[in-house]
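Every number here is computed from the coordinates shown, using simple stated rules; none is lab data. Please read all numbers here as calculations on a predicted model, not as lab measurements. Cβ coordinates were reconstructed from backbone atoms using ideal geometry, including for glycine residues, and neighbour counts include every protein chain displayed.
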């Protein structure tokens, strides 16, 4: 795939809702659970279209996740929904137990990552990837746009086991980067741009910034490979190692802490299998802050310009 499409923009949550409604209509085992969901977030339309498949747990994230295990025991496939910071803070032990039992539960972490507009450090989750990656048996999916969000819903439902789906700030409108006929494969990274000078590996909604950086690199004679690691766990080790061997310069990009996140996962792999220069773009041992998404990206160095500079330094 080469990134040269005329882009449109769409809410990832609108796409997620469409896919979820179709899933509920086609599979009577699917039930959706919510804890303190804002208007416009996942479930807004589902509640209107399929009220009998909607369970509101109130502000009780841990209880909701525990109850999902009981629903799974009764033959249902629960999709649980809550803000990422509270799903981790109030439901981590429950998620861990679901993973231990390999329960077929889908845990949707809303408003994950750094880019939650103006909400401040109490609600911004910079640690979700690090905390969740440490749990065995857990699959972690992180879509970059509306198309990949739709495909991830179907892939998560088809997978028999515990899955976390990371969704970004509910109010964000993001570029649609994938074509309508995109075929998503769980566990396999997608190459959106080819190149052998440097590889940019990203997950989530900073993919567009990585692609913008690759365009600027091209203007400077640097051919960058851009990979979307939409399955953070299990990591597509083959794609990462191929990028390391063929470019000898890697940059990871994520909207959470580099400690234990995608940057940590890549560093762990290449240090053992293919030592390579690695620059990590992400949050560096800091809490979140208040501001618009663009202000936060600039403050924490999560911009296309930062990715461009990291790629240049990785090649030196």
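Observations on the model:
- Label-zone membership for the stretch 191-208, site residue 238, 7 angstrom Cα→C-beta point, backbone N under 14 Å: 191
- Of 173, 124, 107, 135, the sequence from fewest to most neighbouring Cβ atoms within 10 angstrom is 173, 135, 124, 107.
- Cβ crowding within 10 Å ranks 259, 13 as 259, 13, fewest other Cβ atoms first.
- Over the chain, the reciprocal of the mean inverse Cα-Cα separation, the Kirkwood hydrodynamic radius, stands at 19.4 Å.
- Coarse-grained scattering of the stretch 58-115 at q = 0.21 Å⁻¹, given as base-10 log I(q)/I(0) from a Debye sum over alpha-carbon atoms: -0.72
- Nitroxide proxy distance, nm - points 7 Å out along Cα→Cβ at residue 273 and residue 18: 3.5 nm
- Mean Cβ count within 10 Å, highest first, over the residues of peptides 216-225, 26-35: 26-35, 216-225
- Measuring r between the beta carbons of residue 315 and residue 137 and using R0 = 51 Å, the FRET efficiency lands at 0.85.
- DSSP assigns beta bridges within the chain; of those with both partners inside it, close to 20 percent run antiparallel.
- Semi-axes of the equivalent ellipsoid for the stretch 190-315, computed as √(5λ) from the eigenvalues of its C-alpha gyration tensor and ordered from largest down, come to 21, 17, 12 Å.
- The equivalent ellipsoid of the stretch 150-264 has semi-axes of 24, 17, 14 Å, largest first, where each one is the square root of 5 times an eigenvalue of the Cα gyration tensor.
- Working from Cα pairs under 8 Å separated by at least six residues, relative contact order for the stretch 190-315 is 30 percent.
- Over the stretch 126-214, the ratio between the Cα radius of gyration and 2.2 N^0.38 Å evaluates to 1.13.
- Dividing the helix sum by the residues of the chain, where each DSSP H run of 4 or more adds -39500 (n - 2.57), gives a mean residue ellipticity at 222 nm of -12000 deg cm²/dmol.
- Mean separation of Cα contacts under 8 Å (6+ apart) over length of the chain, as relative contact order %: 18 percent
- The peptide list 127-133, 268-274, 291-297, put in order of mean Cβ contacts within 10 Å with the highest first, becomes 127-133, 291-297, 268-274.
- Measuring nothing but alpha carbons in the stretch 10-175 and taking Rh as the Kirkwood radius, the Rg to Rh ratio lands at 0.92.
- The chain: angle of helix 262-273 to the longest principal axis, Cα-based, in degrees nearest 10: 60 degrees
- Segment residue 25-residue 180, length gained on full extension (0.36 nm per residue, minus Cα span): 53.6 nm
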